[in-house]
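*Asks:* If you scroll down you'll find the structure; I have some questions about it.
The values are calculated or read from the model by the stated rules, or taken from the named source; none is laboratory data. The structure presented is a predicted model; accordingly, all values stated were derived computationally and were not measured. Counting neighbours? That spans all protein chains shown, and the Cβs are built from the backbone with ideal geometry, glycine included. Side chains are part of the model used for accessible areas, which takes the heavy atoms of the whole protein and leaves out ligands, DNA and RNA. Shrake-Rupley method; radii C 1.70, N 1.55, O 1.52, S 1.80 Å.
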Amino acid sequence: MVAGPDGGERDGDLDLVTLIVARADPPPSATPEQTALLRLCSTPLSVAELSAYLNLPFSMMTVLLTDMLTAGLVTARNPIVRQSVADRSILEAVMHGLQRL
């Protein structure tokens with residue numbers, strides 16, 4: 001069964017770009033989906049990638065991952081996003097330094 005037995009409301013913090021990393025080997029009680037996910041996540045993978053690899057819709061993936069996060073089998077983190085626009089003061093300092101050359 002992919003969904004947890006409690007059927008309760010799940011945390012909405014996961015999105016398609018959230019990175020998932022395994023924290024443990026699959027326990028004997030792991031479902032086939034949990035086992036596959038833990039084997040895939042030896043390096044960080046996004047929820048979208050995991051959903052594609054396991055051929056599960058995003059909604060089912062979030063249920064599975066929320067259960068695994070609660071059990072401490074995986075960790076989740078937001079991807080590192082580079083600042084799209086450089087700090088103006090740094091650009092001005094570089095420009096002034098180049099003008100002095």
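*Asks:* Along the Cα-to-C-beta direction of PHE58, a point sits 7 Å from the Cα; which residues of region 16-41 have their amide N less than 14 Å from that point?
*Replies:* Flagged as within label range: 16-19.
*Asks:* What is the extension gain from SER29 to VAL81, computed as 0.36 nm multiplied by their sequence separation minus the C-alpha to C-alpha distance, in nm to one decimal?
*Replies:* Working: separation 52, 0.36 × 52 = 18.72 nm, distance 3.61 nm.
Answer, rounded to one decimal: 15.1 nm.
*Asks:* Please compute the per residue accessible area over region 51-101 with all protein chains in place, 1.4 Å probe, rounded to a whole number of Å².
*Replies:* Numbers: 3930 Å² over 51 residues.
For region 51-101, the solvent-accessible area averages 77 Å² per residue.
*Asks:* Here's a follow-up. Tell me, in nm to one decimal, what length is gained between THR70 and ALA48 on full extension, where the rule is 0.36 nm per residue of separation less the Cα-Cα distance? Could you put the intermediate results ahead of the total?
*Replies:* On the way: separation 22, 0.36 × 22 = 7.92 nm, distance 1.99 nm.
Difference between extended and current length: 5.9 nm.
*Asks:* What is the calculated FRET efficiency for ILE90 to VAL17, with r their C-beta to C-beta distance and R₀ = 30 Å, to the nearest 0.05? List each step's numbers first, then the result.
*Replies:* Details: r = 27 Å, r/R0 = 0.90.
The pair ILE90/VAL17 has a calculated efficiency of 0.65.
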